[in-house]
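What follows is a short report on a single structure.
The values are calculated or read from the model by the stated rules, or taken from the named source; none is laboratory data. It should be emphasised that the depicted structure is a prediction, and the values quoted were computed from it without experimental measurement. Reconstructed Cβ throughout: ideal geometry from the backbone, glycine too, with neighbour counts over all protein chains shown. Only protein heavy atoms, including side chains, enter the accessible area calculation; ligands, DNA and RNA are left aside. Shrake-Rupley method; radii C 1.70, N 1.55, O 1.52, S 1.80 Å.
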Amino acid sequence: MRLDKFLSQQLGISRALVQRELRAKRVTVDGDMVKQGAFQLLAQHEVRFDDQVLHQILAPRYFMLHKPQGYVCSTDDPDHPTVLYFMDEPVPDKLHAAGRLDIDTTGLVLMTDDGQWSHWITSPKHHCEKTYRATLEDPLDGDTARLFTEGVMLNGEKLPTRPAKLEQLAEREVRLTISEGRYHQVKRMFAAVGNHVVALHRERVGAIVLDASLEPGQYRALTADEIAGIGAPVRP
């Protein structure tokens, strides 16, 4: 990669401004001052800006995050803090959530900079399963599991939901597995059968299960098996 492109990504500035910083002798490569933006970086090069190391990102990144309440999954929001707050990684703004959660929903969020991988998760045609644990306002009606298996009509939709699996855990607590990602789908499914979700937590996406050792706000890198467990093509 060209040095000016790398610096533009790392510093979040235009290449024209990068040239100004290079001329100001603020950039070194392996300890040597470099002023040419066309300089070709190699994987083994150490780049410093004002003597601070800028880490090269040589491969796509994949993480699981235990999202707490009160954070949004967008990369930028003028009104609410985003999940990027928790990502202590180089160039965190290049990461995005592969399947968002509402601000008041907690649990598993997958963070990546691999757009193809995240598209596989969110694309309706791939039917990637997601499992949620929900707390309901009213006791679960005995007919709800059958209705969800058959599919329910959501307000404003033209087609019923795909078959979903509902498991009752307690009088007002359930585990629901869906293979779609419609807007506010879980909450709208229960609204369609006359109930209301008061708390929602995502436990699983595809074959990836939220690590029980992660406290809210903590994250870790995915293992190779977890990354492959989505079934999506993975960039080298």
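Numbers at a glance
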read-out: The range 137-157 residues that are in contact (Cβ under 8 Å) with a residue 40 or more places away in the chain, paired with ones that are assigned to a helix (DSSP H, G or I) and surrounded by 17 or more Cβ atoms within 10 Å (Cβ to Cβ) (beta carbon under 6 Å, 6 or more apart); value: VAL152/MET189; VAL152/ALA192
read-out: Residue in the range 132-156 that is nearest to the chain's Cα centre (by Cα), counting only those that are among the hydroxyl-bearing types (Ser, Thr, Tyr) and surrounded by fewer than 18 Cβ atoms within 10 Å (Cβ to Cβ); value: THR135
read-out: Single residue of the range 51-72 satisfying the filter (hydrophobic (A, V, I, L, M, F, W, C) and farther than 30 Å from HIS184 by Cα) that is most open to solvent (accessible area, probe 1.4 Å); value: LEU58
read-out: Among (1) out of contact with any Gly (no Cβ under 7 Å at 6 or more places or on another chain); (2) in contact (Cβ under 8 Å) with a residue 60 or more places away in the chain; (3) not basic (Lys, Arg) - the single one HIS127 does not satisfy; value: (2)
read-out: Residue in the range 11-23 that is hydrophobic (A, V, I, L, M, F, W, C), open to solvent by less than 70 Å² (accessible area, probe 1.4 Å) and modelled with pLDDT under 90 present; value: yes
read-out: Subset of the range 192-230 (residues that are open to solvent by less than 60 Å² (accessible area, probe 1.4 Å), over 14 Å from TYR62 (Cα atoms) and among the aliphatic types (A, V, I, L, M)); value: ALA192, VAL193, VAL197, ALA199, LEU200, LEU214
read-out: Members of the range 100-140 found to be on the phi > 0 side of the Ramachandran plot and modelled with pLDDT of 95 or more, listed by number; value: GLY107
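Yes/no matrix, rows are residues, columns are (1) under 18 Å from the mean Cα position of the chain (by Cα); (2) modelled with pLDDT under 95; (3) of a type in the set (Lys, Arg):
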| position | (1), (2), (3) |
| --- | --- |
| ALA164 | no, no, no |
| ARG172 | no, no, yes |
| THR177 | no, no, no |
| GLN185 | yes, no, no |
| ILE208 | yes, no, no |
| ALA221 | yes, no, no |
